[in-house]
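Heads up: the structure comes next, in C-alpha cells.
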Amino acid sequence: MVASAASIAAPHGSAAQRYCLADLLPASTRAAAIARDAVLVLAGAGAVGASAQVAFTIPQISPVPFVLTTFTVLLVGAAFGPLRAGLTLALYLAAGAAGVPWFTEGTSGYAMPTFGYIIGFLAAAVAVGFLAKRGGDRTVLKTVGLMVVGNVIMYAFGVPYLAAALDMSAAQALDAGMVPFLAGDFVKLVFAALLLPGTWWAVNKFRSAE
C-alpha cells in the first residue's frame, strides 16, 4: 500500500524533510499513486508549455525572449520533487523537439539558439526538486537560495549554448542571454519566496486543525 497523505505529511526522524507538496496528494494504492503522478506530469508539462506563450522579445536588447517559463519551471520543480519534475520537463523538451508547438511563442524543434535554456529547464527542475524535497522551500531564506540555484543552472546551460549558436564571445553571450533578465528573475524570486513558504504554512495550519 502507498502511504496516505497524512502519513507522508508527518514522517519521523531524518526523513522529516524528504517530501514535497505533491507528496501530500492522497493515493491509497500504488496504482492510484502512478495515476496521480501521470496526471501531474502531463499537467505540469502543459503548464510549462502554456507559460512559454507568455513571452515577448526585444531584439535591440536580446535575441532571447522574456518569458514566464522560468518561474513555472522552478515552481514545478519545488512542488513536484526531482523525479516528477524531471519527467515533466523531459516530456516538455522531447515533445517540443519532436514538433509539438509549445516552446516559446508556439515554436518547436531544436534548431534554435535558445534551446540550451530548455535543456537547462530540465536540469534546474531536477535540482530544485531535490532541494525542495529536503526542506529547501519551507522558509523565505531557503526558498531564495533554491530559486538562485535554479536560475544559475538555467543560465549555465543557456548562455554557453547561445554563444556557440550565434558565434558570440562569453561577454557578449552574458550581455545578451543573462544580464537583461536579472531584474525579472529578482521579481520572480521574491514572489516564489512568499508563495512556497506561504503554501507550506497553509498546509501545516490545515493539518494542525484536523
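Shown for the chain are the DSSP H helices of 30 Å or more along their axis, judged by Cα atoms, with a mean Kyte-Doolittle hydropathy of at least 1.6: 140-166. Among (1) 26, 21, 16; (2) 33, 19, 13; (3) 37, 19, 14, find the value of semi-axes √(5λ) of the Cα gyration tensor in Å that was calculated from the structure presented, and write down its label. Derived directly from the coordinates: (2). Note on surface exposure: 30, 138, 84 rank 30, 138, 84 by accessible area, highest first, 1.4 Å probe.
GNM on the chain, alpha-carbon springs under 10 angstrom: the most fluctuating residue among 31, 78, 125 is 31. Return, ordered by residue number, the residues of segment 42-71 whose backbone nitrogen is under 18 Å from a label point located 7 Å along Cα→Cβ of residue 183. Only 55-68 fall inside the zone, counting backbone N under 18 Å.
Keeping every protein chain in place, order 28, 51 by accessible area at 1.4 Å, biggest value first, i.e. largest first.
Details: 28 75, 51 10 Å².
The ordering from most to least exposed comes out as 28, 51.
Between residue 83 and residue 119, the modelled label-to-label distance comes to 2.7 nm, taking each label 7 Å out from Cα in the direction of the beta carbon.
For the pair residue 144 and residue 95, what calculated FRET efficiency results from E = 1/(1 + (r/R0)^6), where r is the Cβ-Cβ distance and R0 = 35 Å, to the nearest 0.05?
For R0 = 35 Å, the calculated efficiency reads 0.65.
Each Lys or Arg adds one and each Asp or Glu takes one away; over the other residues whose Cβ falls under 15 Å from the Cβ of residue 59, this sums to -2. Surface composition of segment 50-184: carbon plus sulfur atoms contribute 75% of the solvent-accessible area (1.4 Å probe, protein chains only, all chains present). Average accessible surface for segment 64-127: 34 Å² per residue, computed with a 1.4 Å probe over protein heavy atoms with every protein chain in place.
The values are calculated or read from the model by the stated rules, or taken from the named source; none is laboratory data. None of the values given here were measured: they were computed from a predicted structure. All Cβ positions, even for glycine, are placed from backbone atoms using ideal geometry, and neighbour counts span all protein chains on display. Areas reflect the complete protein model, heavy atoms only, side chains present, ligands, DNA and RNA absent. Shrake-Rupley method; radii C 1.70, N 1.55, O 1.52, S 1.80 Å.
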